[in-house]
Every structure is written in structure tokens, then in C-alpha cells.
1. Rolling a 1.4 angstrom probe over the protein heavy atoms, how many square angstrom per residue are accessible across the stretch 160-304?
2. Heads up, I need the accessible area for TYR211: 1.4 angstrom probe, whole protein in place, Å², nearest 10.
3. Per 0.36 nm of contour for each residue apart, how much would the distance between GLU266 and MET116 grow if the chain were fully extended, relative to their Cα-Cα spacing?
4. Taking the Cβ-Cβ separation of SER93 and ILE275 as r and a Förster radius of 45 Å, what is the calculated FRET efficiency to the nearest 0.05?
5. Set the Förster radius R0 to 45 Å, insert the Cβ-Cβ distance between ASP101 and THR197 as r into 1/(1 + (r/R0)^6), and round the FRET efficiency to 0.05.
6. Rounded to the nearest 10 Å², what accessible area does SER118 show when all protein chains are kept and the probe is 1.4 Å?
Amino acid sequence: MKGSMKTHRNSFIKYISLTIILLANTASIHGVIVEPSRHEITASAGTTTQVTFSLSNSTLEIMTVSTSVRPYFPLATETAIPPESNYPYTIKSCESWITPDIESIQINPGEIKDFMISINVPANAAGEYAAYISFDQSADVDNSELKKMLDNDAKDAITDMELDLVLRRSVPVYIFIENTTNIQGELTDVTVNEMFTPKMADDILSFENNYIKIASVLKNTGSRHIRAKGSVVILDKQGNLITTIPTGITWPILPGYTETIPVHWECPKKEADYIGIINIELGNDIILQREIEFSVDRKGFLLR
């Protein structure tokens with residue numbers, strides 16, 4: 001991507017310093033692996049608790065990681081539906097409660113080091129709170145490449161420039177105040193649809209068999225976020241097990257929000273009737289179940 005910076009030839013700008021922060025969406029930042037990917041803890045109001053992270057260096061170089069505590073902001077998928085209320089639920093940020101035991105960590109090649117944070121929960125705390133623990137690494141940058149991004153006017157006006165690149169991995173810490181939150185949910189709908197319609201299949205020369213999409217619609221009716229997981233069990237009409245399809249784990253579903261959880265199945269090449277049993281685990285041994293029946297022809301198209 002090319003950028004453009006417009007300046008006048010008589011500009012007094014001679015030096016530019018930029019810091020670019022890249023947010024990592026994996027457990028690893030430039031060869032340093034941070035585990036776990038999140039902490040979810042239950043704590044009593046007015047107490048202090050500690051949690052630990054593990055940092056391992058998978059490179060052949062000494063790595064230095066700096067740490068900081070940042071406000072929490074929720075992430076949602078494209079299929080998440082917020083509640084109709086004008087004041088939807090938000091997780092309260094608690095970065096002021098958290099103190100890292102060290103601000104910078106040096107990790108030798110192949111070494112694993114623990115990093116601890118202390119959480120001081122106020123006596124009047126209630127509900128759910130969260131904050132991000134950020135792990136930053138500086139990366140080497142060839143600053144001579146930066147000038148290639150500028151137009152001729154900028155190149156003439158700026159005689160020196162410096163670009164700093166920071167790789168950041170932010171890990172959420174969720175705190176549930178004891179006896180003030182609950183886990184609850186409802187499967188409001190389950191649908192069965194074809195991945196390809198007959199018309200779409202006619203346009204695919206190599207089409208042999210269809211996929212069926214079974215989508216479960218989950219609403220969080222509790223007072224804290226949930227990360228649902230589960231499976232869809234496919235049986236034939238006689239109750240024989242055909243297959244079990246895992247759903248994976250959802251992103252955080254906030255109270256009042258609705259999320260669609262899909263699975264995809266390439267059904268056998270025969271006309272048959274099936275039963276789909278949906279099992280969704282919310283946590284704390286709470287499991288929701290629904291059942292749906294459907295029929296397909298020998299190419300996997302739904303029989304209406």
C-alpha cells in the first residue's frame with residue numbers, strides 16, 4: 001500500500017518519527033508464545049488474587065517483551081445481534097485494579113518465563129469486569145524503505161525519518177465477582193439449509209454432492225458473557241449414529257446478545273431422512289439441547 005504526504009518545499013519539517021503498532025491475533029508475537037490465550041477467574045469483592053502467564057521464546061535470539069495493562073473493549077462477530085435495548089450490556093473495564101509484577105521481561109532462546117499480575121478487587125465490586133494485558137515487542141525496520149512511500153515533495157522536505165514497529169499481543173483477563181453473575185442461555189431457533197441450491201450446482205462442473213448447513217441461534221439470557229461450544233449429532237431415522245460434528249468455541253457472547261453457531265456436513269450420496277441433535281455447552285455444566293429433522297435426496301438437496 002502506498003501512502004502520500006503532501007508538503008511545501010519551504011516546509012520546516014526535517015524529521016519524522018512514527019511508531020506503528022501491529023495487533024497480533026495469534027498466541028505468538030515474533031517468536032514469543034504467550035499462554036494462556038485468556039484468563040477467566042471468579043473472585044470475591046474486597047480480595048486480592050494473582051494470575052500467571054507463561055512466555056516462551058521459540059527463536060535463537062534473546063527477546064525482550066514489555067508489558068502493560070489496557071482498557072477492555074469487546075469483540076463481536078458479523079453474526080452477533082445486539083439486544084434491542086438502547087443501553088446494551090458492556091463489560092466494565094478494570095485496568096486500574098491490575099498491577100504487573102514486572103514491566104519488561106528478557107527471555108533467552110528456548111527459555112520459558114512466568115509473568116504474574118496482581119488483581120485488587122474493590123469491596124463494592126459486583127458483576128463482570130475485564131482488562132487487557134498487552135505484551136509488546138519492538139521489530140527491526142529498514143527506515144530507508146519508508147522514503148519510497150512518499151511523493152517527491154515530501155522526499156525533498158524531509159531529510160531524516162525513523163520508523164518504529166511494535167508487535168502487540170493483548171490477552172484478556174475476565175473477572176467475575178462471586179455470587180453476582182449467572183450463566184444462562186436459550187436456543188431460540190435451529191435451521192437447516194443447503195450450501196448450494198440446484199441452480200448453483202448446475203453452474204459447477206465438478207459438483208458431486210451438497211453440504212448441509214445446520215445453524216443454531218443462541219441468545220445469552222444470563223448476566224455475564226459466555227463462550228459456547230458443543231456439537232451436532234446426526235442420526236438416521238432408526239436412531240443409528242451417522243456422525244458427530246463439533247461446533248468449535250464461539251467468541252464472547254455478551255448478555256442480551258444473540259449469536260448464530262453453524263456446522264457444515266457433507267451428507268452421504270443417498271436419499272434419506274435424518275435427525276440432528278444440537279448440544280450447546282454454556283459452562284458450569286449447563287447444556288442446551290434441540291432436535292431437528294430433515295430429508296435429503298441422493299445429491300444432498302433438501303426435500304421440501
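1. Values: 7330 Å² over 145 residues.
Per-residue value: 51 Å².
2. TYR211 exposes around 90 Å² with every protein chain in place.
3. On the way: separation 150, 0.36 × 150 = 54.00 nm, distance 4.61 nm.
Here the answer is 49.4 nm.
4. Working: r = 45 Å, r/R0 = 1.00.
The computed FRET efficiency comes out at 0.50.
5. Numbers: r = 58 Å, r/R0 = 1.29.
Once the sixth-power term is evaluated, E becomes 0.20.
6. Its accessible surface works out to 40 Å², give or take rounding.
The values are calculated or read from the model by the stated rules, or taken from the named source; none is laboratory data. Source: prediction; values computed, not measured. A quick note on method: Cβ atoms are made from the backbone with ideal geometry, for glycine too, and the neighbour counts reach across all protein chains shown. These accessible areas exclude ligands, DNA and RNA; they are computed on the full protein's heavy atoms, side chains included. Shrake-Rupley method; radii C 1.70, N 1.55, O 1.52, S 1.80 Å.
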